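The block underneath contains the structure these notes are about, expressed in structure tokens.
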């Protein structure tokens, strides 16, 4: 049985054990939520990997145009995209061997959630690491 979108054990495992977070949609725009959350992930000791079509260097980390371009293992794929575009990144996360997928607050794709879990990759949806850390 697939757990709920914000299963506490899954959230805690990703926050506590997974170190390398690919942040899909991360650019150098400091006013964007993705930038602020990526900075928070770094403050919490995580390595961030910007994934953006322009592949900018953000917060001192080299960016990549796609998840497939990242030349090292990814623990979590953190998706900052509209719900209508997010599912493909869950599928790409599975394809590159990510350990988990995280859809940010307001990003919901039930079919992608089911596909990802069915592939054996845990997924969290419609919440934010900042919110989840505050709950602890």
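Descriptive notes on the structure:
- Among 57, 10, 33, the ranking by other beta carbons within 10 Å of each residue's beta carbon, starting with the fewest, stands as 57, 33, 10.
- Helical contribution to [θ] at 222 nm, DSSP H n ≥ 4, -39,500 (n - 2.57), averaged over the chain, rounded to 500: -10500 deg cm²/dmol
- Distance cut-off 16 Å, percentage of C-alpha pairs in segment 67-108 lying past it: 29
- Principal axis dimensions, segment 68-136 - Cα atoms, whole angstrom, descending: 32, 25, 20
- Ratio Rg/Rh, restricted to segment 7-49 and using Cα atoms, in which Rh is the Kirkwood radius: 1.01
- Max mean-square fluctuation residue, GNM over the chain, Cα-Cα springs under 10 Å, options 80, 89, 72: 72
- Each Cα pair under 8 Å and six or more residues apart adds its separation to the average, and for the chain the resulting relative contact order is 24 percent.
- The base-10 log of I(q)/I(0) for the chain, evaluated at q = 0.16, 0.22 Å⁻¹, reads -0.72, -1.46 [Debye formula, identical scatterers on Cα atoms, solvent excluded].
- Listed residues 49, 121, 76, most fluctuating in the chain (Gaussian network, C-alpha, under 10 Å): 121
- Using the Stokes-Einstein relation with a Kirkwood hydrodynamic radius computed over Cα pairs, the translational diffusion coefficient of segment 33-82 at 10 °C and a viscosity of 1.306 mPa s comes to 141 µm²/s.
Taken together, the values in this text are just the output of simple stated rules run on the coordinates, not laboratory data. All values reported here derive from a predicted model rather than from experimental measurement. A quick note on method: Cβ atoms are made from the backbone with ideal geometry, for glycine too, and the neighbour counts reach across all protein chains shown.
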